[in-house]
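The values are calculated or read from the model by the stated rules, or taken from the named source; none is laboratory data. These numbers come from a predicted model, not from an experiment. Neighbour counts run over all protein chains shown; Cβ positions are idealised from the backbone, glycine included. Areas reflect the complete protein model, heavy atoms only, side chains present, ligands, DNA and RNA absent. Shrake-Rupley method; radii C 1.70, N 1.55, O 1.52, S 1.80 Å.
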Amino acid sequence: MTGVLGAVLAGGASSRFGSDKAKALFHGKALIEHVISRLRRQVSDLVVVGRDYPGEASIPDRPAPGLGPLGGLCAALHHADAGGYDAVLTSGCDLPELPLDLRDALGEGSAFVIGQPLLAVWPSALAGVLDLHLARSSDRSLRGWVALTGARGVDLGPIWNVNRPTDIPPVQ
């Protein structure tokens with residue numbers, strides 16, 4: 001196995017946002033475009049999870065939609081494992097200024113950014129473990145998954161994410 005698969009988890013309902021957050025504009029580009037651009041620089045290949053997105057490889061959540069971020073992560077881990085990737089570097093679609101050195105900052109093994117557990121690296125060998133967790137537990141939280149795996153928290157300081165339309169600064 002070699003390489004890291006980048007995965008943009010984009011299957012959420014955007015309920016707090018009120019419309020499709022991934023397509024919201026920031027500096028004239030959709031939020032998801034910013035994330036794709038920044039993540040692609042740090043990985044061997046990239047996939048959008050939970051939605052079709054023009055021009056990008058896309059996969060559905062696994063085992064089914066509606067499981068929150070863990071359904072997207074499960075799909076990405078299985079896709080990475082089947083494709084021969086060592087790990088998956090994940091981001092939500094609402095982090096348009098994610099660090100350009102995220103992969104290096106997280107290091108090896110399971111690690112996440114403190115305060116932003118969607119920004120994480122996961123060994124692809126965890127695919128089966130997440131399958132079992134989703135089948136046996138009702139806990140669908142990223143924090144629960146982090147605790148289960150013993151992932152390391154890495155402090156990268158505050159990282160801006162978009163939850164509501166008012167989080168996007170007006171065009172100057």
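With n ≥ 4 as the cut-off for DSSP H runs, can you work out [θ] at 222 nm for the chain, using -39500 (n - 2.57) per run divided by the number of residues, rounded to the nearest 500?
-8000 deg cm²/dmol
Scan the chain and note any complete DSSP helix (H) whose C-alpha atoms cover at least 18 Å along its axis and whose Kyte-Doolittle average is 0.0 or more. Once both thresholds are applied, what remains is 69-83. The heavy atoms of HIS79 offer some 80 square angstrom of accessible surface to a 1.4 angstrom probe.
Between SER138, SER110, SER37, the GNM of the chain built on Cα springs shorter than 10 angstrom shows SER138 fluctuating the most.
Model label sites at ASP131 and ARG152, defined 7 Å from Cα along the beta-carbon direction, differ in position by 2.9 nm. Per residue, the solvent-accessible area of the chain (1.4 Å probe, heavy atoms of protein chains only, all protein chains present) comes to 48 Å².
Of the whole protein surface, ASP86 contributes about 70 Å² of accessible area at a 1.4 Å probe radius. Where the centroid of each part is defined by its Cα atoms, how far is region 37-73 from region 115-159 in Å? For region 37-73 versus region 115-159, the Cα centre distance is 16 Å. Taking every DSSP bridge with both residues inside the chain, close to 35 percent are antiparallel.
Dipole of region 2-94 computed with +1 at Lys/Arg Cβ and -1 at Asp/Glu Cβ about the Cα centre; of PHE26, LEU46, TYR85, farthest Cα towards the positive end is PHE26.
Here the accessible area of the chain is 52 percent carbon and sulfur, with a 1.4 angstrom probe and all protein chains present.
Database remark: amide H of GLY6 closer than 5 angstrom to the amide H of SER44, ASP45, LEU46, VAL47, LEU89 (H placed geometrically; neighbours at sequence offset of 5 or more, or on other chains; Pro and chain starts carry no H).
Computed on the chain, the Cα convex hull volume stands at 109 Å³ per residue.
When the residues TRP160, TRP122 are ordered by accessible surface, computed with a 1.4 Å probe over the protein chains alone, the sequence from largest down reads TRP160, TRP122. Accessible area per residue (1.4 Å probe, heavy atoms of protein chains only) ranks THR149, THR90, THR2 as THR2, THR149, THR90, with the largest value leading.
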